[in-house]
């Protein structure tokens, strides 16, 4: 009888243990302990239980964006919270499907072509993985390769579990800042970044973030970034739900949002599209243009309104499209 020595394939959490962090230092005190505990319990916990474990970590609540995440749950009863976490995976997938639909529409309307080559896509600011999970289920993206990067290890661990929940395996995760990506120039055909740019910092940092994304684009590649419009007059600001928040000077934002909502907001920098576009002139070899997200999801007279300069100036959400020259 012949015996073969087979080595079992590494599990997702085994691969996560080997994940390299490409930035120095923790994001918050106690981050290392939280990640170690989450990894240790990863296989035993359901997706909902893992998310709850991370959300309940007190050290992580010193990070403003995590504090706002939990603030949204403060008015829920215990049974409502249980349902929230039980439904969290499918809600994340549904949110990702909306981004997938938008990406498809942008690529179609901008004339992006694969040229018969295999497409490699980077989800920049992948967070908890909504888009990354949904994109791997999209028939139109069949055969593509997916990468996701984020600076937050806990979010990447949730991302891993969410992909595991949907039986995805065509992806790789990297822990890095968007301004210093550990990829070679020209690695990706597409860079997609959803609702991340406003968390990067001021306009100079946003330009650096976009420049780095464009560096990683292959010739003929496209970067698509969505972000809330600072000049939005149609809807409340999407992080703290206060109308006309974009017109408040940055140094006064915390004072206002803490008084009205009990959470900070000075870490949020919704781009002023006009200033951003001027800053992007420094990036050579790339053509940029800005649109409202509504232009890619409406038809008829609504589409005509969405294309108007007035609507683009004061609309809730913008799309920045970057096309790299051949």
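Laboratory data are not the source of any read-out in this text; all were calculated from the coordinates shown. Nothing here was measured: the structure is a model prediction, and the numbers come from that model. Note that we place each Cβ from the backbone using ideal geometry, even for glycine, and neighbour counts take in every protein chain shown.
Observations on the model:
- Considering only 185, 174, 275, the mean-square fluctuation computed in a Gaussian network model of the chain, springs between alpha carbons under 10 angstrom, is largest for 275.
- For the range 214-326: rounded, prolate or oblate by the Cα gyration tensor [a/c cutoff 1.5]: oblate
- Shown here: log10 I(q)/I(0) by the Debye sum over Cα atoms at q = 0.09, 0.10, 0.13 Å⁻¹, derived from the displayed model; of the candidates [x] -0.80, -0.88, -0.99; [y] -0.57, -0.68, -0.96; [z] -0.49, -0.61, -1.05, it corresponds to [z].
- Highest-fluctuation residue, 85, 269, 289 considered, GNM on the chain with Cα pairs under 10 Å: 289
- Here residue 14 and residue 62 are evaluated by their C-beta separation; at R0 = 25 Å the FRET efficiency comes out at 0.25.
- Order of 122, 160, 258 - criterion: other Cβ atoms within 10 Å of each residue's Cβ, fewest first: 258, 160, 122
- Here the extension length gained between residue 113 and residue 289 equals 61.6 nm, from 0.36 nm per residue of separation less the Cα-Cα distance.
- Of 32, 116, 246, the one that fluctuates the most in a GNM where the chain has Cα springs shorter than 10 Å: 116
- Mean separation of Cα contacts under 8 Å (6+ apart) over length of the range 93-324, as relative contact order %: 19 percent
- Bridge orientation summary for the chain: considering DSSP beta bridges with both residues in this region, about 40 percent are antiparallel.
- The ranking of 245, 151, 260 from fewest to most other beta carbons within 10 Å of each one's beta carbon is 260, 151, 245.
- Structure-based [θ]222 nm, the chain - -39500 (n - 2.57) summed over DSSP H runs of at least 4, per residue, nearest 500: -11000 deg cm²/dmol
- Here the gap between residue 244 and residue 267, fully extended at 0.36 nm per residue and compared with their Cα-Cα distance, gives a gain of 6.6 nm.
- Inter-probe distance in nm under a simple model that places probes 7 Å from Cα toward Cβ, at residue 298 and residue 170: 3.4 nm
- For the range 75-111 versus the range 23-60, the gap between their alpha-carbon centres in whole angstrom: 22 Å
- Look at where the Cα atoms of the range 205-278 and of the range 161-201 average out, and the two centres are 19 Å apart.
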